[in-house]
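Participant: Starting off with a structure, shown below.
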Amino acid sequence: MRLYWIHVPQPLTWTFAREASAAGYSFLVGVETEFILLKSIEPDITPVDYHDWSRSSATLAGSIAFKVLEEIADALQTAGIGLEMYHAEAGPGQYEVVTSPMDPLEAADALVFTRETIYNVANKHGCKATFAPRVFDNTCQYGFLAPQMKLLLTQ
């Protein structure tokens with residue numbers, strides 16, 4: 001069985017799933033999508049807030065981050081995408097949305113839908129969302145990293 005680096009999720013995921021099935025494997029995929037919410041990008045890049053990892057103070061009721069995250073969660077669930085959790089990550093304005101494990105091709109489609117939802121909901125609330133791996137020099141790295149795609153294999 002070959003390993004693939006997924007750049008365009010749907011076609012490569014379908015090929016990988018087909019080859020895994022032929023080898024007697026089946027699997028589910030859940031994706032952790034990290035992003036940063038910015039309240040401005042000019043003249044300076046400014047996050048919506050500063051917080052520590054997984055702090056409840058990052059999602060206070062009524063805050064812009066809370067409104068954006070709640071609307072993202074509602075949109076994903078309305079679209080039939082299971083949501084395991086969402087929470088604050090370690091960097092300024094950084095959050096994570098975790099989708100439930102699902103069929104590989106469904107997970108690829110859900111990833112595209114999730115990212116588009118994050119962009120659009122943030123924009124609706126006057127924010128910008130970015131998936132850039134590093135926005136601020138003095139904080140941790142963010143983004144879609146290989147370990148964030150969880151594969152549950154069964155044979």
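The values are calculated or read from the model by the stated rules, or taken from the named source; none is laboratory data. Quick caveat: nothing in here was measured; it's all calculated off a predicted structure. Cβ coordinates were reconstructed from backbone atoms using ideal geometry, including for glycine residues, and neighbour counts include every protein chain displayed.
Participant: Identify, from the list S63, S26, S21, the residue that is surrounded by fewer than 16 Cβ atoms within 10 Å (Cβ to Cβ), among the polar types (S, T, N, Q) and within 29 Å of D137 (Cα to Cα).
Facilitator: Within the list S63, S26, S21, the selection yields S63.
Participant: Here's something else I'd like to know. If only one of A107, A132 is closer than 29 Å to T13 by Cα, touching a residue at least 12 places away in the same chain (Cβ under 8 Å), in a loop (DSSP other than H, G, I, E, B) and among the hydrophobic types (A, V, I, L, M, F, W, C), which one is it?
Facilitator: Selected residue: A132, the only one of A107, A132 that is closer than 29 Å to T13 by Cα, touching a residue at least 12 places away in the same chain (Cβ under 8 Å), in a loop (DSSP other than H, G, I, E, B) and among the hydrophobic types (A, V, I, L, M, F, W, C).
Participant: Given (1) over 30 Å from A20 (Cα atoms); (2) buried (at least 18 other Cβ atoms within 10 Å of the Cβ); (3) at pLDDT 90 or above, where does T46 come up short, assuming only one miss?
Facilitator: (2)
Participant: So which of I118, I36 is crowded, with 17+ Cβ neighbours inside 10 Å, out of contact with any helix residue (DSSP H, G or I) (no Cβ under 7 Å at 6 or more places or on another chain) and within 29 Å of L12 (Cα to Cα)?
Facilitator: Going through I118, I36 in turn, just one is crowded, with 17+ Cβ neighbours inside 10 Å, out of contact with any helix residue (DSSP H, G or I) (no Cβ under 7 Å at 6 or more places or on another chain) and within 29 Å of L12 (Cα to Cα): I36.
Participant: When residues of region 85-114 are filtered for being out of contact with any Leu (no Cβ under 8 Å at 6 or more places or on another chain) and at pLDDT 95 or above, how many remain?
Facilitator: 0
Participant: If you take the residues of region 84-104 that are outside any strand (DSSP E or B) and among the charged types (D, E, K, R), which of them is nearest to D137 (Cα to Cα)?
Facilitator: That would be E89.
Participant: State which residue is nearest to P133 (Cα to Cα) when the search covers only region 73-119 and only residues that are over 13 Å from the mean Cα position of the chain (by Cα) and of a type in the set (A, V, I, L, M).
Facilitator: So the residue we want is A90.
Participant: Collect the residues in region 82-113 that are farther than 21 Å from D52 by Cα and surrounded by fewer than 21 Cβ atoms within 10 Å (Cβ to Cβ), keeping them in residue-number order.
Facilitator: G82, L83, S100, P101, M102, D103, L105, E106, D109, V112, F113 - these are the residues of region 82-113 that are farther than 21 Å from D52 by Cα and surrounded by fewer than 21 Cβ atoms within 10 Å (Cβ to Cβ).
Participant: So if I check each of K39, K67, which one is out of contact with any Gly (no Cβ under 9 Å at 6 or more places or on another chain), modelled with pLDDT of 90 or more and within 17 Å of A122 (Cα to Cα)?
Facilitator: On inspection, the qualifying residue turns out to be K67.
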